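The values are calculated or read from the model by the stated rules, or taken from the named source; none is laboratory data. Predicted model, so just to flag it, every value in this text is computed and none were measured. Quick reminder, even Gly has a Cβ in these numbers, built from the backbone with ideal geometry, and neighbours come from all protein chains shown.
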Amino acid sequence: MTFGRLSPLVFMILFATGCSSPAPTTPSAPTVAGLTISGLPGSLAIGQSVQLIAQITLPDGTQRQTLDAWWQSSDKTVVAVSPTGLLSAVAPGAVDVTASAYGVSAKGHVVAAYDITGVVHESAPTESTSVSGATVTISGGPHDGETATTDGSGRFTFHGIGGPGFSLLVTKSAYESTSYPVVVLPRDQHPEIALSPMCRYAVNPPSIYSYNDSLKDHFDVITAADCSWAVTVTAPRPLLPMTSLTFTSAVSGRGPGRVTFDAYAGSYGPDLRVTVEIAVPTGHPAFLTITVLGG
């Protein structure tokens, strides 16, 4: 049988058939025995994020990370999870987080809560002074009775607080106890709490000035009934030659008191200029200046 000349159309069909490649094949999904979630915390602070990892277990027991997991939160308004497994706490509560891949899944439980971080300092006018070693106790709510102690900067922290509705009771020796209500979170998440020292001191008058070279006078120590004090000369020490300062009454006491003294500068000597400190065991001391001009 003799073939005549092939038409261009037939030639193209024959060429295409002879040169075609086999259709690509889709790789089969691995056989997976199980799936686990790593990096899942038991609790998460509001605003905190954690990266989760999905690991598959092969039939031979080998584990490896997979990026094909599908992530889901039972309540994304409390804890959200991204398609890549980034877990973010949004609001207080508890959720289940699920990862699924290759027909298997794993589930974990997460509690989203607040960290209460605050600072304790003295009340005005010494509000810049932090109070270390104070005991902060939660009163009321599910965490009732939990305590924390302020550090050297007056700071304290409570972890895993699910919601408001409690108070922080702050106590320390020589300070008046105080209570701070935690009513709204996150508004009350970082409380600044002021403690008032039980013993505050003042001296009246705060300075004494005399143009005479000798002076007999007094000053009053003002404080609460149970607060002790003592008088000491802090500067200059020793006194300049030809000057003197002698206390003619008790130089220590408890509660309000009056201190009398004799001061002398000398007729031809230098001026007497001294600083007297009302030294105290707790709280802040008071100071008095005495100036007597020489002759």
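Taking residue 118 as the residue in question, decide whether it is assigned to a loop (DSSP other than H, G, I, E, B) and not aliphatic (A, V, I, L, M).
no
Just to be sure I understand, how many residues within the stretch 91-125 are among the hydroxyl-bearing types (Ser, Thr, Tyr) and either buried (at least 21 other Cβ atoms within 10 Å of the Cβ) or under 23 Å from residue 180 (Cβ atoms) (or both)? Spell out the reasoning first.
Going through the stretch 91-125, the residues among the hydroxyl-bearing types (Ser, Thr, Tyr) turn out to be 98, 100, 102, 105, 114, 117, 123.
Retained after the next criterion (residues that are either buried (at least 21 other Cβ atoms within 10 Å of the Cβ) or under 23 Å from residue 180 (Cβ atoms) (or both)): 114, 117, 123.
Looking only at that region, the number is 3.
Only one residue in 112, 91 is in a loop (DSSP other than H, G, I, E, B) and of a type in the set (A, V, I, L, M), so which one is that?
91
Would you be able to say whether some residue in the stretch 184-193 is in a strand (DSSP E or B) and not assigned by TED's automatic domain parsing to the domain that holds residue 150? Don't jump to the end; show me each part of the working.
If we filter the stretch 184-193 for residues that are in a strand (DSSP E or B), which is where we start, we get 192-193.
Of the ones still in play, those that are also not assigned by TED's automatic domain parsing to the domain that holds residue 150 are none.
No: the stretch 184-193 contains no residue that is in a strand (DSSP E or B) and not assigned by TED's automatic domain parsing to the domain that holds residue 150.
So residue 126 ticks every box in (1) part of a strand (DSSP E or B); (2) under 23 Å from the mean Cα position of the chain (by Cα) but one. Which box is left unticked?
(1)
What's the total number of residues in the stretch 173-183 that are assigned to a strand (DSSP E or B) and either under 19 Å from the mean Cα position of the chain (by Cα) or crowded, with 17+ Cβ neighbours inside 10 Å (or both)? I'd like the intermediate steps shown before the answer.
So the first thing to find is which residues in the stretch 173-183 are assigned to a strand (DSSP E or B), and the list is 175-176, 178-182.
Now restrict to residues that are either under 19 Å from the mean Cα position of the chain (by Cα) or crowded, with 17+ Cβ neighbours inside 10 Å (or both): 175, 178-182.
Within the stretch 173-183, residues that are assigned to a strand (DSSP E or B) and either under 19 Å from the mean Cα position of the chain (by Cα) or crowded, with 17+ Cβ neighbours inside 10 Å (or both) number 6.
Among the strands (runs of 3 or more DSSP E) lying completely within the stretch 240-294, list those that include at least 2 residues that are under 30 Å from residue 224 (Cβ atoms), under 49 Å from the mean Cα position of the chain (by Cα) and touching a residue at least 24 places away in the same chain (Cβ under 8 Å). Outline the logic, then answer.
Working: elements: 244-247, 252-254, 257-264, 272-279, 286-292.
Where strands (runs of 3 or more DSSP E) fall fully within the stretch 240-294 and carry at least 2 residues being under 30 Å from residue 224 (Cβ atoms), under 49 Å from the mean Cα position of the chain (by Cα) and touching a residue at least 24 places away in the same chain (Cβ under 8 Å), they are 252-254, 257-264, 272-279, 286-292.
From the set of residues in the stretch 133-147 that are under 14 Å from residue 191 (Cα atoms) and among the aliphatic types (A, V, I, L, M), which is surrounded by the fewest Cβ atoms within 10 Å (Cβ to Cβ)? It would help to see each step written out before you state the result.
Taking the stretch 133-147 as the starting set, the residues that turn out to be under 14 Å from residue 191 (Cα atoms) are 136-138.
This time we only want the ones that are among the aliphatic types (A, V, I, L, M), so: 136, 138.
Details: 136: 23, 138: 20.
That would be 138.
List the residue pairs whose Cβ atoms are under 7 Å apart, where the first residue sits in the stretch 44-67 and is in contact (Cβ under 8 Å) with a residue 24 or more places away in the chain, the second is basic (Lys, Arg) and not in a loop (DSSP other than H, G, I, E, B), and the two are 6 or more positions apart or on different chains.
Between residues of the stretch 44-67 that are in contact (Cβ under 8 Å) with a residue 24 or more places away in the chain and residues that are basic (Lys, Arg) and not in a loop (DSSP other than H, G, I, E, B), the close pairs are 56/64.
Of all residues in the stretch 195-226 being among the small types (Gly, Ala, Ser) and part of a loop (DSSP other than H, G, I, E, B), which is nearest to the chain's Cα centre (by Cα)? Don't jump to the end; show me each part of the working.
Restricting attention to the stretch 195-226, the residues satisfying the condition of being among the small types (Gly, Ala, Ser) are 196, 202, 207, 210, 214, 224-225.
Going one step further and asking which of them are part of a loop (DSSP other than H, G, I, E, B), we end up with 224-225.
Numbers: 224: 33, 225: 36 Å.
Step by step, filter the stretch 195-226, then rank; the result is 224.
Condition check: outside the structural domain of residue 272 (by TED's automatic domain parsing) and surrounded by fewer than 13 Cβ atoms within 10 Å (Cβ to Cβ). Does residue 155 satisfy that? Step through it out loud before you land on a result.
Numbers: outside the structural domain of residue 272 (by TED's automatic domain parsing): yes; surrounded by fewer than 13 Cβ atoms within 10 Å (Cβ to Cβ): no.
Judged against the criteria, residue 155 is not a match.
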